[in-house]
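Visitor: Input: one structure, supplied below.
The values are calculated or read from the model by the stated rules, or taken from the named source; none is laboratory data. Everything numeric here is computed off the predicted structure, so don't read it as measured data. Counting neighbours? That spans all protein chains shown, and the Cβs are built from the backbone with ideal geometry, glycine included.
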Amino acid sequence: MTQTSPRKVDSGSIASQPRIRDAGWTWQRFWTRYRFAIITIINLSVFFLLWEWFARSGRVNQLIFPTFTDVLKNLKIGWFGGGNLEGFDNKMLADFVIAKNFWATLKIYTLSMLIAIGLGIPIGLLMGGSKWVDALASPYVWTLSSLPRIAMYPIFLMFLGIGESIKYAIILSTAIFPVIINTWAGVKTTEQSLINAAKVFGASKAQVYRKVVLPYTLPFVVSGIQLSLSRGLIGVVLAEFLSGAQFDGGIGWLVFRAAAAFNAPLTYAALFTLAVFALILVQGTRSMEAKIAPWRQVTKT
Amino acid sequence: MSTKPGSNGDGRRPLIVAENLTAGYELERERKLLTALTSINLTVHEGEFLVLVGPSGCGKTTFINVIAGLVKPWEGTITYDGKPIEGTSKDRAMVFQDYAIMPWRTVSQNVALPFELRDLDISSADKKGIVQRTIEAVGLQGFEESYPHELSGGMKQRVGIARALVTQPKVLLADEPFGALDAMTREVMQGQMESLVMEFNQTVVFITHSIDEAIALGDRIAVISHRPGTVREVIDVGIERPRLAEGEITQHPRYAELREHLWGLVKDEALGAHADDRLLEYTGTDVELLQQHVNTPGGGGL
């Protein structure tokens with residue numbers, strides 16, 4: 001299908017320049033490129049300076065609103081040891097208290113998220129692919145996904161008692177449904193014209209599934225996972241609030257315990273750890289989405 | 001100007017024959033069966049470029065889906081090369097209005113798709129060569145590793161055309177392939193379609209809304225009435241090729257006459273279709289009888 005037109009465009013003068021050239025360095029380009037980072041650094045510095053000033057100014061009780069430097073100090077002791085912490089009777093317990101609890105949280109969170117994803121994807125695929133499975137499973141899936149999961153805590157407690165297993169139950173029950181529902185939606189909304197195209201070119205039912213439905217669903221699964229990661233984080237903190245009596249009760253338990261002991265700096269330090277972890281998680285999955293489905297990123301903007 | 005279906009074709013062999021064909025689809029939500037086309041008698045000859053024109057909703061797409069083997073006829077017969085069409089075949093490939101190329105595949109992966117889906121007796125090295133040559137034939141060299149979202153509409157449809165041609169099908173089915181393109185791209189694509197068809201003597205069934213496109217491309221034009229669609233008239237274009245490569249086809253003495261005649265036919269149908277839209281009248285009264293003929297695996301989704 002080559003151009004048969006006898007008319008030719010004289011493009012000699014245009015073609016003498018290479019199509020892609022180095023743009024060169026100007027302040028304007030430097031600013032356009034790095035302005036987000038620059039603004040963020042200034043923004044956060046101002047925020048923490050104001051915090052420090054406000055806490056020191058005496059307008060607020062430092063028992064509930066500590067200085068930022070105190071929080072940093074607690075963060076350091078909590079992670080790397082080497083000091084006493086208010087509300088903790090001995091140094092042994094205070095050292096590494098954030099680190100120990102963070103690793104406990106991370107372990108339980110990672111395991112239950114893996115279970116939620118590992119179960120949620122096949123359930124969603126089956127529900128989307130088979131009308132029978134859909135009809136049988138959907139009353140339970142939709143009811144449980146709309147029910148505030150914390151309301152099930154007493155039942156979990158009756159069955160499982162206090163301990164590790166109830167934590168898994170809470171996290172799993174909060175995190176699994178976004179995965180199921182998003183996967184299901186991906187399968188259900190697969191474009192009919194893509195399916196028809198595959199069929200025209202000879203796809204069997206299994207091939208339609210493998211070559212069209214699954215790749216089409218993949219970005220839906222990723223956003224489901226993204227959603228369920230943040231739901232699961234709520235679940236893990238909740239579970240630790242409710243059940244963590246032991247010392248490695250997790251970062252949620254530490255926030256609770258430190259506040260109960262009126263150790264505001266440690267409360268904030270634990271919270272800060274949690275916030276950074278959540279931020280890394282969300283940003284990580286966002287870039288994962290961009291890598292897995294670049295075509296969706298473009299249609300979004 | 002009008003001829004009986006099948007009478008033309010310069011003595012060429014009839015390839016696709018529809019006799020008394022009725023087909024449609026199920027509107028699941030309304031629990032109704034919609035007859036899209038009825039009593040179609042039409043023959044596509046080998047090496048012929050047949051264009052179907054008609055108002056929207058006249059069943060053109062259903063007809064082309066029946067030929068593709070995606071939709072089973074309710075009544076009547078449809079044969080390809082003398083044998084009833086019972087499913088899709090490597091002999092019949094299709095180009096879609098919305099391109100229907102896979103966004104997660106590169107250009108060359110999209111073009112190679114038919115090779116993955118059908119077990120053709122070709123070595124993988126040969127396949128690679130064929131894919132590359134087809135990509136070059138539609139003018140996409142240099143974009144082999146690009147993804148569809150990086151391409152313009154015209155380029156996307158070139159991918160769709162390359163994918164359809166890569167297995168060298170006997171028949172090319174095109175469902176308003178240039179409908180979503182801008183006017184300039186459309187004209188370029190029409191010209192390239194013509195040279196392609198002339199080069200390979202390709203049999204084509206081509207749907208369009210545009211009378212100008214129908215005259216520019218078709219050997220014969222079948223005018224389909226509004227729903228349920230049926231063949232109102234089949235017209236021989238009778239303008240020698242190449243029509244688009246040099247000169248203006250609109251200057252041809254036969255052009256104005258053809259255009260007027262076609263416009264007269266299509267206008268009636270478009271007005272009729274409009275009236276139908278307001279009444280929203282479904283034929284297919286004997287729902288239970290028709291139900292037996294409906295074949296969902298072919299037409300419906302998963």
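Visitor: In contact with a Pro (Cβ under 9 Å, 6 or more places away or on another chain), within 29 Å of B:GLU257 (Cα to Cα) and surrounded by fewer than 22 Cβ atoms within 10 Å (Cβ to Cβ): which single residue out of B:SER39, B:SER56 fits that description?
Guide: B:SER39
Visitor: Now for a different question. Considering only residues that are within 8 Å of chain A (Cβ to nearest Cβ) and touching an Asp or Glu at 6+ places or on another chain (Cβ under 9 Å), look in the stretch B:98-118 and name the one that is nearest to B:THR230 (Cα to Cα).
Guide: The qualifying residue nearest to B:THR230 (Cα to Cα) is B:ASP98.
Visitor: Give the residues of the stretch B:4-18 that are modelled with pLDDT of 75 or more and more than 18 Å from the chain's Cα centre (by Cα), sorted by residue number.
Guide: Matches in the stretch B:4-18: B:ARG12, B:ARG13.
Visitor: Please work out if B:LEU120 is of a type in the set (A, V, I, L, M) and farther than 30 Å from A:PRO294 by Cα.
Guide: For B:LEU120, the condition - of a type in the set (A, V, I, L, M) and farther than 30 Å from A:PRO294 by Cα - is met.
Visitor: Please verify whether the stretch B:86-105 includes one or more residues that are part of a helix (DSSP H, G or I), in contact with a Gly (Cβ under 6 Å, 6 or more places away or on another chain) and under 25 Å from A:TYR216 (Cβ atoms).
Guide: So far as the stretch B:86-105 goes, no, none of its residues is part of a helix (DSSP H, G or I), in contact with a Gly (Cβ under 6 Å, 6 or more places away or on another chain) and under 25 Å from A:TYR216 (Cβ atoms).
Visitor: Exactly one of (1) at pLDDT below 90; (2) in a helix (DSSP H, G or I) is unmet by A:GLY87. Its number?
Guide: (2)
Visitor: Test each condition in (1) crowded, with 23+ Cβ neighbours inside 10 Å; (2) outside any loop (DSSP other than H, G, I, E, B); (3) touching a helix residue (DSSP H, G or I) at 6+ places or on another chain (Cβ under 6 Å) for A:LEU271 and report the one that comes out false.
Guide: (1)
Visitor: Of the conditions (1) of a type outside the set (Gly, Ala, Ser); (2) touching a strand residue (DSSP E or B) at 6+ places or on another chain (Cβ under 8 Å); (3) surrounded by fewer than 19 Cβ atoms within 10 Å (Cβ to Cβ); (4) under 25 Å from B:PHE178 (Cα atoms), B:PRO84 satisfies every one except a single condition; which number is it?
Guide: Looking at each condition in turn, B:PRO84 falls short on (4).
Visitor: Pick from the stretch B:119-160 the residues that are crowded, with 17+ Cβ neighbours inside 10 Å and outside any helix (DSSP H, G or I): which of them is farthest from the other protein chains (Cβ to nearest Cβ)?
Guide: Here the residue is B:PHE143.
Visitor: Of the conditions (1) aliphatic (A, V, I, L, M); (2) within 14 Å of another protein chain (Cβ to nearest Cβ); (3) farther than 30 Å from B:GLY87 by Cα, A:ALA198 satisfies every one except a single condition; which number is it?
Guide: Going through the list (1) aliphatic (A, V, I, L, M); (2) within 14 Å of another protein chain (Cβ to nearest Cβ); (3) farther than 30 Å from B:GLY87 by Cα, A:ALA198 breaks only (3).
Visitor: Now for a separate question. Is it the case that some residue within the stretch A:158-167 is in a helix (DSSP H, G or I) and buried (at least 21 other Cβ atoms within 10 Å of the Cβ)?
Guide: Yes, there is a match, as at least one residue in the stretch A:158-167 is in a helix (DSSP H, G or I) and buried (at least 21 other Cβ atoms within 10 Å of the Cβ).
Visitor: Filter the stretch A:266-301 down to the residues that are under 17 Å from A:ASP70 (Cα atoms) and modelled with pLDDT under 90 and list them by number.
Guide: Correct list: A:LEU266 only.
Visitor: If you don't mind, there's one more thing I want to ask. Taking B:TRP74 and the conditions (1) touching a residue at least 40 places away in the same chain (Cβ under 8 Å); (2) within 12 Å of chain A (Cβ to nearest Cβ), which numbered condition does it fall short on, given that it satisfies the others?
Guide: That leaves (2) as the condition not met.
Visitor: List the pairs whose first member sits in the stretch B:105-125 and is farther than 18 Å from B:TYR147 by Cβ, whose second member is of a type in the set (S, T, N, Q), and whose Cβ atoms are under 7 Å apart, counting only residues at least 6 apart or on separate chains?
Guide: Every condition considered, the pairs that remain are B:PRO114/B:THR167; B:LEU117/A:GLN207; B:LEU120/B:THR167.
Visitor: In addition: Looking only at the stretch B:161-179, count every residue that is of a type in the set (A, V, I, L, M, F, W, C), within 12 Å of another protein chain (Cβ to nearest Cβ) and in a loop (DSSP other than H, G, I, E, B) and tell me the total.
Guide: Total satisfying the criteria: 1.
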